[in-house]
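The values are calculated or read from the model by the stated rules, or taken from the named source; none is laboratory data. Worth saying up front: this structure is predicted, and the values here are computed from it rather than measured. Glycine also receives a Cβ, built like all others from the backbone with ideal geometry; neighbour counts cover every protein chain displayed.
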Amino acid sequence: MKKNNNNGNGEVVQKSEDQGIIDKAKTIAVKHLRDEYELDVEITGEKLLPQYINIEVILEGNVIGNKEQHFSISVNYQTNETFNFGMSPELVAAIRANGYDPYEKK
């Protein structure tokens, strides 16, 4: 059984292994959105689900310079696949303005 590291304030300090998973998921999500929709985005929030629930990282963010164009996206950290891409109406409009249909199945 793995020990939890504690920072003295009752908060569990995130293990470097977990941070590595999150960092990799962020890179995958940013690359996916750039490659698929020509978007430059920033990640503003992340949540690593416990392995007994699912092997995914849930990320939130927005288009750089436009907080109204926000999104959430999940990354399976074993297969490196993205899924559950949720978008604000403003982001849908921006993607369509770039000539893409965000709801088209590939």
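The table that follows gives values for the structure above.
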{"quantity": "Residue selected from segment 53-106 under the condition outside any loop (DSSP other than H, G, I, E, B) and among the charged types (D, E, K, R), by the criterion farthest from the chain's Cα centre (by Cα)", "calculated": "R96"}
{"quantity": "Pair list, Cβ under 8 Å, 6 or more apart: segment 73-85 residue at positive phi, other residue surrounded by 15 or more Cβ atoms within 10 Å (Cβ to Cβ) and of a type in the set (V, I, T)", "calculated": "N80/I28; N84/I58; N84/I73"}
{"quantity": "Positions within segment 61-99 being of a type in the set (F, W, Y) and loosely packed, with under 15 Cβ neighbours inside 10 Å, in sequence order", "calculated": "F83"}
{"quantity": "Members of segment 32-52 that are loosely packed, with under 13 Cβ neighbours inside 10 Å and assigned to a helix (DSSP H, G or I)", "calculated": "R34, D35"}
{"quantity": "Residues of segment 42-54 classified as touching a strand residue (DSSP E or B) at 6+ places or on another chain (Cβ under 9 Å) and at pLDDT below 95, total", "calculated": "2"}
